[in-house]
Amino acid sequence: MSDTPSGAVPVENVPERPAGGLVLRGTSVSPGLALGPIHRKDHDLDSASLERIPREAVERELNRFHKALGDARAQLVDLKDKLAGKVPTEDARILDVHVAYLKDSVFHSDVENLILGEQLCLEAAIAKVIADFDRIFKLVQNESLRERAVDLRDVGIRVLRHLERPAGEGESVLPRPKDYVLAAKELSIVDMFNLQGDHVLGILTEAGALTSHAAILARSMRIPTITAVAGLLDSVREGDFAIVDASEGMARINPDEVVRAQYGEVRAEAPVAEDESLRARDARTADGTQVRLLASCGNLPEVQAARAQGVDAIGVYRTELLFLVDKEAPSDEILAQHYAAVVSAAGGAPVTFRLLHADSSMELKFLHEAREANPALGRVGVRALLSRELVLRRQLAAILRAGAGGPVRIALPFVTDCGELRRVKEVVFEEKLELRKRGIAMAEKLQIGVIVEVAAALFGAQDLARESDFVLANLDALTQHLLGVDRDNSELRAWFEALHPCVLRGVKSLVDACEELRRPFGVFGVTAVRRHNLPFLVGAGVREWSVETGELRDVAREFDRIALRQAQTAANALLSSSCQAETLSLVEGWKHGYARS
């Protein structure tokens, strides 16, 4: 007996898959991001048994039919109750249409006549009735009749799911745990839920219409959904890991761990209450000093989640993802479409795109021919882009094009001095001229800022602030390069737990330079949002943070515990310290309340 699961593609027929995974493209029905194992669902109506039954079994089949009808009705009523308040009322009424079809006398009589007259088993009778309706409705041009055919098919599938089956017979039930990405032939409302009424993480289908009732409900429920994926069921196997990037209309099957980590385990979050949605925008210290919390994001769902929490700007949008998933650099069009989608998701809030920040350890052949002896101190960040100007130009042109839809800025990673900043400005100017010649809409104004990560940029802060529109500090990288410690070395992790006095002095010098030249200044990174570091940064004059989406509300609440005067006292003490051990003493003092109001 074969060990290959039913409906699976034989291993030898599966093409070699790149690091980014096998890429499948389709039409986005409901945007969003979902990650999880594939569960294949071949069409129930196609697999229904065509066996005939003996005369004495007719009554049993009729009883099975009426029991399944009752179970299906009860499930629909329960689903509608669960969706109350979660989807618009008019969308939830779609389920009422299905309840009506379950009571349809024509449907009932047609199924019963096939059981009584032709002695078909119940599964075969339902499949034949639905197929007959489907064939008739598809011959007409009326869209409402076609929609009725789709709804009737869904009803038939729902009834089939509720039929009693002997143990070991029929196709496998939905896997547990319940979290999975559904791969199916057609988009069906019934496939959005298992028999317990729990909806799936994401949906991929080979066919399906943007206007179908199932599509409307998928959008209302925010289930990332892609339809019209050519060759889907020939390309995926049960249990394959899938990344459904429905905002891009793309799915990646079995990508490597680097790509999975970049996308992150994004999961649906509970709706943000109105009173909490304003926390990020209105963050203040205990004595009323306002601080600005922006979002640090790496994909579209994070941008959407950040906006739902009230942030008024995307402070850092990391652009590495599209460059990591394939061996070749993404095309101009792919970049432009993605950045435009990010700007659209931001809903008018400014977006700061951090240019590609990659070193040779990432093995991007279009950027580095080989791994360097010391990747972290090699061609990395803006210096790598300047050594491969085609990549830089593509990214800048795409961001300029996206800027036609909303305010955008660019931030240059790993800047050393003003020479790099000036060259990027020249390239921006040249790309704007080219877009203007081609008549392509773009951002007429593009702010260009620098990210301070290395000592040279810190010492040249005055010059960089003078020639840039804004300054950001990546505190994780700045700590690494100032202290000469590898942040990926677990034995040196303690250096990143609390601010070293020299790091805070560096931050203070950046604050002073930016205040003098009236340039916006902000910080980001894990070090920047550690609870015990926030008072010292506030006290040193930092007023803007870019924070990971999932931490925004927690960080906003933390500022409620900080009084500015006491924070300034603590920061001054830390600035005067000579070693990190003294920092830890100050942290302990803050924890025990000596510096709080």
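Each value in this text was obtained by applying a stated rule to the coordinates, not by laboratory testing. Just so it is clear, the model here is predicted, and its values are computed rather than measured. Ideal geometry is used to build each Cβ from the backbone, glycine not excepted, and the neighbour counts take in all protein chains shown.
Here are a few things to note about the model shown:
- Backbone phi angles across the range 398-405, fed through the Karplus curve with coefficients 6.51, -1.76 and 1.60 (θ = phi - 60°), yield HN-Hα couplings of 5, 5, 4, 5, 4, x, 5, x Hz in residue order; Gly and Pro are listed as x.
- Amide H within-cut-off set for VAL547, under 5 Å, with H built and near neighbours excluded: LEU294, ALA295, SER296
- A simple rule links phi to the HN-Hα coupling: the Karplus curve 6.51 cos²θ - 1.76 cosθ + 1.60 with θ = phi - 60°, which for the range 243-257 gives 10, 9, 9, 5, 5, 9, x, 9, 10, 10, 10, 6, x, 7, 5 Hz, with x for Gly and Pro.
- The calculated FRET efficiency for the pair CYS502 and GLU430, based on their C-beta separation and a Förster distance of 45 Å, comes to about 0.70.
- Förster radius 56 Å - calculated FRET efficiency between ARG557 and LYS67, Cβ distance, rounded to 0.05: 0.60
- Length released on extending from LEU517 to SER331, taking residue separation times 0.36 nm less the Cα-Cα span: 63.1 nm
- As a calculated quantity, the FRET efficiency between ARG493 and THR569 at R0 = 30 Å, using C-beta atoms, amounts to about 0.60.
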